[in-house]
Amino acid sequence: MSPITLDLTSDFDPAITTGTGSSSTQRTLLVAPPSVASHEERISALFSTYPRDTTDLHMLDRLAAGLVTLPASTYDLILVLTDPDGSRHAEASALLSNRAVWALLVPALKAGGKLRSEDGTLGTNSATPEAREAVLAGLVAGADGFTKPEYAEEEAVPLRFGLKRKNNPNAVAPIQPAAQVVTAAPAGVGFVTLDLDDDLDLDGENDDDVIDEDTLLTEADLRRPIQQPPECQPKPGKKRRACKDCTCGLAERLEAEDKARRDKADQALNTLKLKSEDLLELDLTVPGKTGSCGSCALGDAFRCDGCPYTGLPPFKVGEEVSILNNVPQL
């Protein structure tokens, strides 16, 4: 009996490169729907086109479940296996609509790398769910799929909001020294550092950046009637009232109307006030002198409200009145 020799070498041992290193080898990641796993001849045909030492294969359902981790900035091409005729496009699209899949694929793609499908339809329709998720993940749609942009290095850019021109209005802004370039660039979108230590001077006499708020409204705007919001409309039979946090101007208008009404009432009241020299003592016991109503001597039934003779019995004008034991005697 001849001895049996076992080949223990790995048939699938890709050399993983990190994003910080540089390599001339073009690495490819094949992502397939679960139905491809049952077609061994299909997988063999793929590895005859893409070399096994530079190609990785993962299933989309395992990526969506979070069972697979991918190295960062490694692949130049990510190919979605939908078959050239697009027979598996619907199955792949359903899995690509999961945001967790893009959270793994986009960081694994190199800057400038491409992500496309076998049938070439991925990314052609921006209204599909997988296209929206790809754009939200940071990819840019193109004619042949999606591309990961190459972002520039982080730079500090000073922003100037104003110039000091108190002494010389025609002075030119001084040239600022170039900002220091940060060499370590973060993965993903670049960042801009704002220099808020500027020459903004709101107290400057010649500062053109300060806007006079009185010039924002024209005379036509001031004469325009106030559009009352529906929630401020009074209910039927109710008086119009302004909200506590009124911003439409109704509270100011009602307050002005109330003030004008009070001033008019005070002015009318002042015309009825009599001075001390305008008051006359009216003594109805003197012949020829009567009250304004002329009924003071007829009794309480005919006297006005507030008549000084209220409580006295009827008397004749000119009749002498005597007081006996605090009781008037006519």
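Here the calculated FRET efficiency for PHE302 and LEU269, from their Cβ-Cβ distance with R0 = 41 Å, stands at 0.90, rounded to the nearest 0.05. Highest mean first, the peptides 26-32, 46-52, 102-108 sorted by other C-beta atoms within 10 Å per residue fall in the order 26-32, 102-108, 46-52.
How far apart, in nm, are two points set 7 Å out from the Cα along the Cα-to-Cβ line at ALA127 and at SER87? Calculated label separation equals 2.9 nm.
Readers should treat all values here as calculations from the given coordinates under stated rules, not as data from a laboratory. Computed from a predicted model, the values in this text were never measured in an experiment. FYI the Cβ positions are ideal-geometry reconstructions off the backbone, even for glycines, and counts take in every protein chain you see.
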